[in-house]
Amino acid sequence: VADHVITRSVRDSAAMLDATSGAEVGAPFVIAPPEGSFLEAAMRAPKPLTIALHQQPLIAGTVVDKEVLAVLEQTAKQLEDMGHRVVPAEPNINIEQFWHDFMVVVCTHTAFTIDDIERHYGAHHVKKLEPQTQNMALLGRSLSAVDLAHAKQGWHNSQYQTGLLLETYDMILCPTVPTPAVKHGVLPPSVMDEMLMRSAELLNKSIDMGKYAFSSGMIEKLSHPVLSKMAFTLLGNVTGLPAVSVPVGMSKKGLPIGMQLIGRMNDETTLFSVAGEMERAGMFTKPAFAK
């Protein structure tokens, strides 16, 4: 679900971006290449930076685990010991609107993607998709073009507010996810939730399912277990800002706890410099089972 790679070192991540970055033919946006390579940036120390400490989840009702908060505090202190300045600061984002705008855009794009799959590969492949994916598409089809335009404007508002924050700060530090790693199978809906979603297609024939699902609170309830885990990473999804997750802590169960650095638009170079500096300082951790 990421437009890059998962690596074991900052060096490998930087080298991979050097190998894959650049404009595609017909791309709607083209940016200037960085001065030098990302690999070179990962190998040199950055200048002293002013970093915003982002601690408030962007999904209401999300509780940040004490272990994660401890690693966040520890990471901020270590960055200050390196000569950086870390200051508590939050983007001015309406979190009640934030999740709604995100879900509207994702559901409409899911509907398009499923239609595209059916057009290219046949309806029998679409039938294999999970119920929650099918129902995201159902919701997407029941929303209007105006609903999508409103939601996209909401995204732009979040981009603007985060951009204002990054006029004062060089980057943002926050948790990657608000809890330590969870067991496989925890996040999918319960059997009861799946039954409710499977019945949505029948309901859609008699009511405007999309508007009802949002106004009734159904979507907020069903999506919260997953959205709450994305309460910090969603900022990168919505704004398009570059971000990197670094493994700087360990849970009691021996699994890595990641912290996220979010940079200014098109400033991957500074992210790689800071991440490389943290790695060389010995801040990265490995799970107990890693060799």
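None of the figures in this text is laboratory data; all of them are computed from the coordinates on show. These numbers were taken from a predicted model, which means no experiment stands behind them. Counting neighbours? That spans all protein chains shown, and the Cβs are built from the backbone with ideal geometry, glycine included.
If you wrap the Cα atoms of the stretch 41-122 in a convex hull and average its projected area over all directions, you get 9.6 nm².
With the largest listed first and rounded to whole Å, the semi-axes of the equivalent ellipsoid of the chain from the Cα gyration tensor are 35, 22, 20.
For the chain, the antiparallel share of DSSP beta bridges with both residues in that region comes to about 65%. Please work out the Cα center distance from the stretch 67-144 to the stretch 32-49, rounded to the nearest Å. Result: 29 Å between the Cα centres.
Rounded to the nearest 10 degrees, the angle from helix 145-168 to the longest Cα principal axis of the chain is 10 degrees.
When we measure straight from the Cα of LYS221, which aspartates and glutamates land under 14 angstrom away, once same-chain ones fewer than 8 places off are left out? Within the straight-line cut-off, LYS221 pairs with GLU96, ASP193, GLU194.
Taking every Cα-Cα distance in the stretch 1-138 and sorting them into 10 Å bins from zero, the calculated P(r) comes out as 9, 19, 29, 30, 12, 2 percent. In the chain, taking the dipole from charged Cβ atoms about the Cα centre, the farthest positive-side position among LEU165, GLN260, ALA181 is held by ALA181. The charge dipole of the chain, taken about the Cα centre with unit charges on the Cβ atoms of Lys, Arg (+1) and Asp, Glu (-1), comes to about 780 debye, rounded to the nearest 20. Peptides 126-138, 221-233 ranked from most to least packed, by the mean per-residue count of other Cβ atoms within 10 Å: 221-233, 126-138.
Taking the Cα atoms of the stretch 221-291, the ratio Rg/Rh between the radius of gyration and the Kirkwood radius comes to 1.05. Relative to the longest principal axis of the Cα atoms of the chain, the long axis of helix 95-121 makes an angle of roughly 70 degrees.
Neighbours of ILE59 by Cβ distance under 11 Å: Lys/Arg scored +1, Asp/Glu scored -1, total -1. Compared with the dominant Cα axis of the chain, that is its longest principal axis, helix 218-229 is turned about 20°. In the chain, Cα pairs under 8 Å separated by at least six residues give a relative contact order of 26 percent. The alpha-carbon atoms of the stretch 70-176, seen along their principal axes, cover 57, 29, 22 angstrom, with the largest extent given first. Under the convention that each Lys and Arg Cβ holds +1 and each Asp and Glu Cβ holds -1, the size of the dipole of the stretch 6-68 around its Cα centre is about 200 debye.
Rounded to the nearest 20 debye, the dipole size of the stretch 37-122 about its Cα centre is 400 debye, using +1 on the Cβ of Lys and Arg and -1 on the Cβ of Asp and Glu. Only one residue of SER144, HIS84, GLY22 has its Cα farthest out toward the positive end of the dipole of the stretch 17-163, where Lys and Arg carry +1 and Asp and Glu -1 on Cβ, and that residue is SER144. What does the charge count around PRO33 come to, taking other residues whose C-beta lies under 12 Å from its C-beta (Lys +1, Arg +1, Asp -1, Glu -1)? Local charge sum for PRO33: -3.
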